[in-house]
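**Q** Mind looking over this structure? Questions follow.
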Amino acid sequence: MRDFSRDHRWLSINTATLRGAGTLDTIIEACVRHGIRAISPWRDQVHAIGLERTTELVRGLTLELSGYCRGGMFPALDPAGRRAALDDNRRAVDEAKQLEATCLVLVVGGLPGALGGTPQSKDLFAARADVRDGIAATLEYARSVGMPLAIEPLHPMYCADRACVNTLAQALDLCDELDRSAGGALGVVVDAYHVWWDPLLKSQIERAGDKRLLAFHICDWLVPTTDLLTDRGMMGDGVIDLPLMRSWMEDAGYRGFHEVEILSSNNWWRRDPDEVLTTCRVRHQTAC
Ligand code: ZN
């Protein structure tokens, strides 16, 4: 396994981790101050300061993007809704390309309307069909411009509102169906928070192999967890065996970034960004 005990070159910060710190330019400055060489920004944060400004910052500071968050949200009630989702994903691919991201992360969506609090359907099969068709269409475009797509299975508690792809096996089935060549155009994100509980995790990471393993997101599962979305823990503060999971990733050939993604409204988002980043660096060396 790679020795990270004195090496943070492969540490990346998902900028949602510093949502409390202000706009993306402030967050990027903080990351650079801490010698971090890769980030994964969210589209809303990029749009808030502008794509051109973000590109300028990323290029000027020679930052890498371990991913771009995010495309997806494919299911809709009618053809117009599905078309709008495809258009938006095409724009997300273009933005990821301009920023030279490693991949565009796909959070595929759940039941139409559910994210806004008013689900308009109970048809999970239809939602999953929209997801398959949406990825197929987006893949065709993404492949033409050379931007890999990475399906992120989310914990089943998000099945209704955020993603009806909930296990690595399910995500890899989609990859195998839609991208038979398995040359790296379509793969998966392994986010420890979403998949740590899965009894098939080790075998599915092996199945994915280096061509399909496009990103590795880390944080920890707190006991108790008090909020479904924004109570993620710092690495080492919860019950996920991150070194074990990392060993599986590396055995399967993964050599990319470790992207820290901590959504934490009552703890880390309230702290000084320098404290958050110092802790990320230390825990990346000691708890991963
Ligand atoms: Zn993630």
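What follows draws every value from the coordinates through simple rules; no lab data is involved. What you see is a predicted model; the values in this text were computed from it and never measured. Because the Cβ atoms are built from the backbone with ideal geometry, glycine has one as well, and the counts that use them run over all protein chains shown.
**Q** Quick one: net charge around residue 57, please, counting Lys, Arg +1 and Asp, Glu -1 for every other residue with C-beta under 9 Å from its C-beta. Each step should come with its number before you reach the end.
**A** Numbers: positive: 53, 59; negative: 25, 29, 56.
Charge balance in the 9 Å sphere: -1.
**Q** Further, regarding this structure: Arranged from highest to lowest average of other beta-carbon atoms within 10 Å per residue, in what order do the peptides 259-268, 64-73 appear? Before the final figure, lay out each step's value.
**A** Working: 259-268: 21.1, 64-73: 24.7.
Result, highest mean Cβ count within 10 Å first: 64-73, 259-268.
**Q** Tell me, what does the Kirkwood hydrodynamic radius of the chain come to in angstroms if you use every pair of distinct C-alpha atoms? List each step's numbers first, then the result.
**A** Details: mean 1/r = 0.0528 Å⁻¹.
About 18.9 Å, per the Kirkwood formula over Cα pairs.
**Q** A further question follows. Please give the FRET efficiency for residue 239 paired with residue 55, using the beta carbon to beta carbon distance and R0 = 41 Å, rounded to the nearest 0.05.
**A** 0.55
**Q** Check cross-link reach from residue 97 to the lysines: straight Cα distance under 24 Å, and skip same-chain residues fewer than eight apart.
**A** Candidates past the 8-residue exclusion: 211.
**Q** Once Lys and Arg get +1 and Asp and Glu get -1 on their Cβ, which of 276, 148, 109 lies farthest toward the positive end of the dipole of the chain?
**A** Final value for the positive-end residue is 148.
**Q** For the range 78-100 and the range 122-192, what is the centre-to-centre distance using only Cα atoms, to the nearest Å?
**A** 15
**Q** Further question on the same structure: Where does each of 100, 275 land when they are ranked from fewest to most other beta-carbon atoms within 10 angstrom?
**A** Sorted ascending by nearby Cβ count, the order is 275, 100.
**Q** Also, I was wondering about something else. Using the Cα centre as the reference, give the magnitude of the dipole from point charges on the C-beta atoms of the range 176-288 (Lys, Arg: +1; Asp, Glu: -1; all else neutral), rounded to the nearest 20 debye.
**A** Roughly 200 debye, rounded to the nearest 20.
**Q** Still on this model: Might you report the magnitude of the Cβ-based charge dipole of the range 79-236 about its Cα centre, with Lys and Arg at +1 and Asp and Glu at -1, to the nearest 20 debye?
**A** 240
**Q** How high is the relative contact order of the range 119-191, in percent, counting Cα pairs under 8 Å that sit 6 or more residues apart?
**A** Here the relative contact order equals 34 percent.
**Q** What FRET efficiency, computed as 1/(1 + (r/R0)^6) with R0 = 30 Å and r the Cβ-Cβ distance, is obtained for residue 97 and residue 200, rounded to the nearest 0.05?
**A** In this case the efficiency is close to 0.35.
**Q** OK, next. Net charge within 15 Å of residue 222 by Cβ-Cβ distance, Lys/Arg positive one each and Asp/Glu negative one each, not counting residue 222 itself?
**A** -4
**Q** Next question, about the same structure. To the nearest 20 debye, what is the magnitude of the charge dipole of the range 11-286 about its Cα centre, counting +1 on the Cβ of each Lys and Arg and -1 on the Cβ of each Asp and Glu?
**A** 180
**Q** Add +1 for every Lys or Arg and -1 for every Asp or Glu among the other residues with Cβ under 14 Å from the Cβ of residue 247, and state the total.
**A** With Lys, Arg at +1 and Asp, Glu at -1, the neighbours total -1.
**Q** In the range 158-261, with Lys and Arg counted as +1 and Asp and Glu as -1 at Cβ, which of these residues, 184, 159, 203, has the Cα nearest the positive end of the dipole, that is, farthest along it?
**A** 184
**Q** Please compute the modelled spin-label separation between residue 115 and residue 34, points set 7 Å along Cα→Cβ, answer in nm with one decimal.
**A** 2.7
**Q** Still on this model: Arrange the following residues from fewest to most other Cβ atoms within 10 Å of their Cβ: 245, 235, 1.
**A** Details: 245 20, 235 23, 1 9.
Sorted ascending by nearby Cβ count, the order is 1, 245, 235.
**Q** Relative contact order for the range 11-286: what percent, with Cα pairs under 8 Å and sequence separation of 6 or more?
**A** This gives 19 percent for the range 11-286.
**Q** Going by C-beta contacts inside 10 Å, put 279, 138, 62, 15 in order with the fewest on the left. Mind showing how you got there, number by number?
**A** Details: 279 18, 138 26, 62 8, 15 21.
So the ranking, lowest neighbour count to highest, is 62, 279, 15, 138.
**Q** Is the range 95-236 rounded, prolate or oblate when judged by the Cα gyration tensor, a ≥ b ≥ c being the square roots of its eigenvalues, rounded requiring a/c under 1.5 and prolate requiring a/b larger than b/c?
**A** Judged from the Cα gyration tensor, the range 95-236 comes out oblate (a/c at least 1.5, b/c at or above a/b).
**Q** Students often check this: by mean Cβ neighbours within 10 Å, which of 249-255, 212-218 ranks highest, and how do the rest follow?
**A** So the peptides 249-255, 212-218, ranked by packing, come out 212-218, 249-255.
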